[in-house]
Amino acid sequence: MKFIVNDEYGHTGGDIVIKAFSHILKAFFEQHDGYSFRWGGEEFLCILPYTTEIDATKFAQNILDYVNSIELPWKNLKIKFATSCGISIFKDEDIDYHQIIQRTDEAIYYVKYSSKNSVHFQK
């Protein structure tokens with residue numbers, strides 16, 4: 001069964017999740033000199049300069065684990081939500097940011113349509 005926050009809690013509940021998730025990302029990325037911002041809808045783009053594949057994957061897994069451990073209070077309810085992380089790194093042959101965005105998109109779609117609530121690195 002597919003769980004979608006907006007379907008279960010309405011758009012107000014969905015907005016609470018988006019805001020909470022953005023604060024979580026901000027806290028994680030500020031500690032590592034990285035950046036995160038909303039890319040569109042419920043997608044966020046995150047940048048960790050000078051990070052290896054292994055470290056980026058561990059970092060994303062830490063975010064995923066944290067998100068899985070929390071519940072957001074809302075009205076008389078607790079909202080539990082999950083996330084999926086698609087990861088890639090810049091390659092020497094990349095001409096500009098479009099190549100890494102493409103690989104990262106492929107990674108996130110792989111996660112969304114296969115395992116969900118997990119991390120996938122796209123080479």
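The values are calculated or read from the model by the stated rules, or taken from the named source; none is laboratory data. All values derive from a computational prediction rather than experimental measurement. Cβ atoms come from the backbone with ideal geometry, glycine included; neighbour counts cover every protein chain shown. With ligands, DNA and RNA removed, areas are computed over all heavy atoms of the protein, side chains included. Shrake-Rupley method; radii C 1.70, N 1.55, O 1.52, S 1.80 Å.
Below is a table of values for the structure above.
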{"item": "Probe 1.4 Å, protein heavy atoms only - accessible area per residue of the range 9-88 in square angstrom", "result": "63"}
{"item": "Mean-position separation - Cα centroids, the range 1-52 and the range 59-101, in angstrom", "result": "7"}
{"item": "Of all accessible heavy-atom area on the chain, the percent that carbon and sulfur account for (1.4 Å)", "result": "53"}
{"item": "√(5λ) per eigenvalue of the Cα gyration tensor, the range 43-97, largest first, Å", "result": "31, 12, 7"}
{"item": "Folded to 0 to 90 degrees: helix 5-30 orientation relative to the chain principal axis, Cα", "result": "40"}
{"item": "For Gly34, net neighbour charge (Lys/Arg +1, Asp/Glu -1) across residues whose Cβ lies under 12 Å away", "result": "-2"}
{"item": "Distance in nm between pseudo-label sites at Tyr35 and Ser115 (7 Å out along the Cβ direction from Cα)", "result": "2.9"}
{"item": "Relative packing of 65-77, 44-56, 101-113, which averages over residues the other C-beta atoms within 10 Å, highest first", "result": "101-113, 44-56, 65-77"}
{"item": "Compactness of the range 4-89 as Cα Rg over 2.2 N^0.38 Å, two decimals", "result": "1.13"}
{"item": "Angle in degrees between helix 53-69 and the longest Cα principal axis of the chain, rounded to the nearest 10", "result": "0"}
{"item": "Nitroxide proxy distance, nm - points 7 Å out along Cα→Cβ at Asp96 and Lys26", "result": "3.0"}
{"item": "Full-stretch length increase - His11, Glu71 - with 0.36 nm per residue and alpha-carbon distance subtracted", "result": "19.9 nm"}
{"item": "Kirkwood hydrodynamic radius of the range 8-52, Cα pairs, Å", "result": "11.4"}
{"item": "Length-normalised contact order of the range 49-123 in % [C-alpha pairs under 8 Å, at least 6 apart]", "result": "34"}
